[in-house]
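Any read-out appearing in this document is the output of simple, stated calculations on the displayed coordinates, not a laboratory observation. These numbers come from a predicted model, not from an experiment. For neighbour counting, all protein chains shown are included, and Cβ atoms are generated from backbone atoms with ideal geometry for every residue, glycine included.
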Amino acid sequence: MRRLVICVLAGMLLLPIATGGWAAEPKGKSPAKAEPPSWQTATVVEETATVEAVDQSTRMVTLKGPKGNSVTLKASEEVRNLAQVKVGDTVKFAYYESLAVRVLKKDEAFPAAGESAAVARAKPGEKPAGVVGTETSVNATITAIDKKAKTATLKGEDGKSVTVTPRDPKNLDKVKVGDRLVITYTEAIGVKVEKAEKKK
């Protein structure tokens with residue numbers, strides 16, 4: 001959990017994202033519509049930070065986390081709305097990741113594997129905000145199952161094998177040696193900067 005929060009804090013102002021009417025900008029090839037997964041796990045982490053300092057000339061921004069910890073980052077030139085960020089602004093972000101596994105039917109062919117990405121960004125002049133996400137899909141065949149050790153050995157299309165431990169060992173009861181799997185990993189980060197509330 002801590003690793004995810006640190007990754008998001010470290011990257012939130014380095015991504016080319018900027019609120020307002022978002023327009024999707026696909027990066028890569030969109031995956032074809034597929035059958036529902038045989039099982040899926042998903043995690044969402046939400047956090048809030050406050051802008052402690054921002055230097056427009058050096059593009060350095062200091063954020064204070066919910067536990068009082070601070071981190072200073074340099075916003076890349078791609079962050080086109082940095083001028084709208086002020087001390088006291090609130091930075092809200094959400095990190096989402098999911099792992100979906102689908103067992104192919106007997107006569108079903110492997111779909112094309114690969115990675116796709118998408119970015120949603122706003123109009124210039126608004127507070128920085130947006131969403132960036134990636135989806136990676138791989139194909140594999142189960143070559144061994146060890147229920148005592150709660151592991152399964154998977155062989156990819158490249159011929160390489162890897163032994164994995166599912167988050168829920170009960171999923172091993174849903175498959176058998178020889179089953180072909182489509183494994184899809186999705187990761188997305190959403191960020192929104194809101195104006196500081198005026199003190200009464």
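Some observations on this one:
So that you can scan it fast, the table gives a plain yes or no per residue for (1) in contact with a strand residue (DSSP E or B) (Cβ under 8 Å, 6 or more places away or on another chain); (2) surrounded by 17 or more Cβ atoms within 10 Å (Cβ to Cβ); (3) on the phi > 0 side of the Ramachandran plot; (4) in a strand (DSSP E or B):
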{"residue": "Val71", "(1), (2), (3), (4)": "yes, no, no, yes"}
{"residue": "Val87", "(1), (2), (3), (4)": "yes, no, no, no"}
{"residue": "Ser98", "(1), (2), (3), (4)": "yes, no, no, yes"}
{"residue": "Ala109", "(1), (2), (3), (4)": "no, no, no, no"}
{"residue": "Glu115", "(1), (2), (3), (4)": "yes, no, no, yes"}
{"residue": "Pro124", "(1), (2), (3), (4)": "no, no, no, no"}
{"residue": "Val131", "(1), (2), (3), (4)": "yes, yes, no, yes"}
{"residue": "Lys155", "(1), (2), (3), (4)": "yes, no, no, yes"}
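- Residue count, segment 143-180 (criterion: under 18 Å from Leu99 (Cα atoms) and among the aliphatic types (A, V, I, L, M)): 6
- Members of segment 49-69 that are in a loop (DSSP other than H, G, I, E, B) and more than 11 Å from Val85 (Cβ to Cβ): Ser57, Thr58, Gly65, Pro66, Lys67, Gly68, Asn69
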